[in-house]
Amino acid sequence: MRGDCGTENVFVAGVQRFLRRDCQDDFAGFKSFMYGTSVANQAELHLVARHWNTHKIRPYSQQETPHGKPDVLFFLPQLKDTRDYKTLVDREDLEVARELCCKDRNDWGCAD
């Protein structure tokens, strides 16, 4: 995940890193959130989104890589008999993150 150095992203980074602290992939824990400028983040997002579905991932006989259109692989992995790569999060961890990082809003939308 990428975000700029805005105040709210300090909380987003903390929650992201907390929820992914026990994961074993290359983007686990501290590496699961990167800071960048808003302009760079938006430009990268547009570039990736534009390119994302213009090609198909080819099948490889030597790898366990799923093939097909990236959007289909992400949103409907069962169609290509591949696994869902979302990270499951424990409800207790979500409650801890909410208590530490989320402020209740009053009737005017401001944090108390």
message = Test of understanding: ordering SER61, SER38, SER32 by Cβ neighbours within 10 Å, fewest first, what list do you get?
response = SER61, SER38, SER32
key: Degrees, to the nearest 10: 38-52 long Cα axis against longest axis of the chain   = 30 degrees
query = How many nm separate the modelled label positions at ARG83 and ARG50, each set 7 Å beyond the Cα in the direction of the Cβ?
reply = 3.5 nm
ask   = Summing Lys, Arg as +1 and Asp, Glu as -1, what charge do residues with Cβ under 13 Å from the Cβ of PHE18 carry, PHE18 excluded?
value = -2
remark   = Taking Lys and Arg as +1 and Asp and Glu as -1, residues besides ASN53 with C-beta under 14 Å from its C-beta add up to +2
ask   = For volume of the Cα convex hull per residue in Å³, the choices are (1) 163; (2) 136; (3) 152; which was calculated from the structure?
value = (1)
query = Between the DSSP loop rule and a limit of at most 11 other Cβ atoms within 10 Å, which GluC sites (Glu not before Pro) in segment 1-103 are left?
reply = GLU64
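None of the figures in this text is laboratory data; all of them are computed from the coordinates on show. Note that the structure is a prediction, hence the values are computed from the model and not measured. All Cβ positions, even for glycine, are placed from backbone atoms using ideal geometry, and neighbour counts span all protein chains on display.
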